[in-house]
Amino acid sequence: MTETSKPVLLSGIQPSGHLCIGNYVGALKNWVTLQSSHKSIFLVVDLHALTVKQVPSELRNRCLSFLAQYIACGIDPEQSLMVIQSHVSQHAELSWVLSSLTYMGELNRMTQFKEKSTRHNENINAALFSYPILMAADILLYQADLVPVGADQKQHLELARDIAQRFNHNYSETFTVPQPYIPKQGARIMSLQDPASKMSKSDKNLNNLISILDPPDVIRKKIKRAVTDSGKEIIYQPEDKPGLANLLVLFSVLTNKKIQNIVADYQGKMYSHLKEDLGEIAVEVLAPIQDEYSKIIKDKKYLNGILKNGAEQASYIARKTMSKVYRKVGLVPYPR
Ligand code: AQP
C-alpha cells in the first residue's frame, strides 16, 4: 500500500492529569498497532484541556511530556505525525462552523458532560459543554477514516459522524464519515479503588490510577491495594466481582492471554497471588517505556523538531479542508 492510499487514522489525548494505564490500554497500545497500516495523526489536544482549570506552566510542560510518552510507548515519528492541537488554528475554526450544525439537545445527551460537570461543579463552562464539537472538528479536519478510542468516547464519535453526515447532506459531500475503533478488551479500565467508575488520568485520588510514569514500587503497591470483594475464588464475574474482573482484564490485555486461561491458572490461589503477579507484569510493561521516556524528555530539540514537522504537515491538510468548508458554507474567499 502506498502512503497516499493508506486510510487516515486520527486520535488524541488531552494533556490533563497523568497519562494512565487506562489510556495506554484503551488508546495508545492500539495506536501503535495500527500506525503502520494507516496514515496516522496523533494529537495532544491541549485546547480540550482548557475545559477544566489548569495551571498554565504545568499544562505547557505536560504537552511535551505527553508527546514524549507517546513516543516512548511506541509511536514512531518517522511513520506518524504528532501534533499539538493549538498549533493548527483550523481546529478552532472548524469547530465554530460545526457548532452551527450541532443541536443543544445533542450536546445535552452527552454522558461525559454530565459526569464532568458533576466532578468540576465549580467550573461548568461553555467549552465543557461544546467539547464534542471540537472533537468532531479534530477528526473531520483531517478526513479521518478510523478513530481508535476507549469506550467512553464512543458517544462523542457517533456525534462526529452525525455532524459529518449533516454537513455532507446540507452542503454536498465534503467530509469522510469516520469509523470508531474500540478495542474488544480493555476499552474501559476501571478505577482501582472504585471499580464502578472508569479509571481517569485526572482523578485527584492517585490510588485510583496507575500512571505510565509511576515508579515500580508505587505500581506494585497500588495493585496490591486495589479494591476487590471479600470472596476467595478467582473467577471472572464483572457484575458481582467488578474489582477482580478489572484486574483480570488488565492482566489479559497486558499479557495477551485469554481471561479464561488466566482464571484456570489461578485456580486454588488467592487474590493476593494474582495481584502480586499483575504488579510484576505492569512493572515489566511500563519499565521500558519509562526508560525510553527519561531519555526522550531531555531532548527538547528532538521533540520540537517532531512538533514543527507535525504542525507543518497537519496545517497543509487542515488549510485544504477549511478552504473547502468556507467555500461550501458561503464565505467569501480571501482576495488573491
Ligand atoms: N479507563 C479507560 N479505559 C480505556 N480507555 C480509556 N481512555 C480514557 N480512560 C480510559 C481513552 O484514552 C483516551 C484519552 O482521551 P481524553 O484525554 O480525551 O480523555 P478522557 O476520555 O476523558 O480520558 P480520561 O483519562 O478520563 O481523562 P481526564 O480524567 O483527564 O478527563 C481516549 O481514547 C479514551 O477513550
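If you go through region 290-301 and keep only what is out of contact with any helix residue (DSSP H, G or I) (no Cβ under 7 Å at 6 or more places or on another chain) and surrounded by 14 or more Cβ atoms within 10 Å (Cβ to Cβ), you end up with just Gln290. Cβ-Cβ contacts under 8 Å between residues 6 or more apart (or on different chains), taken from a first residue in region 160-179 that is without any contact (Cβ under 8 Å) to a residue 24 or more places away in the chain and farther than 14 Å from Thr321 by Cβ to a second residue that is of a type in the set (A, V, I, L, M, F, W, C) and not in a helix (DSSP H, G or I), are listed as Arg161/Val177; Gln165/Val177. Number of residues in region 295-336 that are of a type in the set (A, V, I, L, M, F, W, C), within 23 Å of Asn170 (Cβ to Cβ) and assigned to a loop (DSSP other than H, G, I, E, B) equals 2.
Considering only residues that are closer than 19 Å to Leu10 by Cβ and surrounded by 21 or more Cβ atoms within 10 Å (Cβ to Cβ), look in region 160-186 and name the one that is farthest from the ligand (Cβ to nearest atom). Per the stated criteria, the residue is Phe167. Filtering region 28-52 to residues that are near the ligand (Cβ under 10 Å from one of its atoms) and buried (at least 21 other Cβ atoms within 10 Å of the Cβ) leaves Leu28, Asn30, Trp31, Leu43, Val44, Val45, His48, Ala49, Thr51.
Checked against the criterion of being hydroxyl-bearing (Ser, Thr, Tyr) and within 8 Å of the ligand (Cβ to nearest atom), region 12-27 contains one or more residues that satisfy it.
Being of a type in the set (Lys, Arg), in a loop (DSSP other than H, G, I, E, B), outside the structural domain of Ser117 (by TED's automatic domain parsing) and touching a residue at least 24 places away in the same chain (Cβ under 8 Å), is that true of even one residue in region 235-245? Quick ask: steps written out before the conclusion?
Let us first name the residues in region 235-245 that are of a type in the set (Lys, Arg), namely 241.
Restricting the remaining residues to those that are in a loop (DSSP other than H, G, I, E, B) gives 241.
With outside the structural domain of Ser117 (by TED's automatic domain parsing) added as a condition, the list becomes 241.
Subset that is touching a residue at least 24 places away in the same chain (Cβ under 8 Å): none.
No, because not a single residue in region 235-245 is of a type in the set (Lys, Arg), in a loop (DSSP other than H, G, I, E, B), outside the structural domain of Ser117 (by TED's automatic domain parsing) and touching a residue at least 24 places away in the same chain (Cβ under 8 Å).
Of all residues in region 37-53, those that are closer than 21 Å to Lys308 by Cβ have Cβ atoms under 6 Å from Cβ atoms of residues that are more than 9 Å from the ligand (Cβ to nearest atom) and among the β-branched types (Val, Ile, Thr), 6 or more apart or on another chain, in Lys39/Val8; Phe42/Ile75; Leu43/Val83; Val44/Ile84; Asp46/Ile84.
Exactly one residue out of Gln193, Gln267 is within 22 Å of the chain's Cα centre (by Cα), assigned to a loop (DSSP other than H, G, I, E, B), farther than 26 Å from Ile71 by Cβ and among the polar types (S, T, N, Q), and it is Gln193. A residue that is of a type in the set (Asp, Glu) and crowded, with 17+ Cβ neighbours inside 10 Å cannot be found anywhere in region 253-266.
For region 188-200, name all the residues that are touching a strand residue (DSSP E or B) at 6+ places or on another chain (Cβ under 7 Å) and crowded, with 21+ Cβ neighbours inside 10 Å. Met190, Ser191, Met199 - these are the residues of region 188-200 that are touching a strand residue (DSSP E or B) at 6+ places or on another chain (Cβ under 7 Å) and crowded, with 21+ Cβ neighbours inside 10 Å.
Of the listed requirements (1) in contact with a helix residue (DSSP H, G or I) (Cβ under 6 Å, 6 or more places away or on another chain); (2) assigned by TED's automatic domain parsing to the domain that holds Val44, Gln313 misses just one: (1).
For region 214-228, the criterion of being in a loop (DSSP other than H, G, I, E, B), in contact (Cβ under 8 Å) with a residue 40 or more places away in the chain, within 16 Å of the ligand (Cβ to nearest atom) and assigned by TED's automatic domain parsing to the domain that holds Val283 is satisfied by at least one residue. Selection over region 115-156 of residues that are among the aliphatic types (A, V, I, L, M) and under 21 Å from Met190 (Cβ atoms) gives a count of 2.
If you filter region 196-213 down to residues that are within 18 Å of Ser65 (Cα to Cα) and small (Gly, Ala, Ser), you find that the one that is farthest from the ligand (Cβ to nearest atom) is Ser211.
The values are calculated or read from the model by the stated rules, or taken from the named source; none is laboratory data. From a predicted model like this one, the values you see are computed outputs, not experimental measurements. Please note: Cβ atoms are built from the backbone with ideal geometry, for glycine as well, and neighbour counts cover all protein chains shown.
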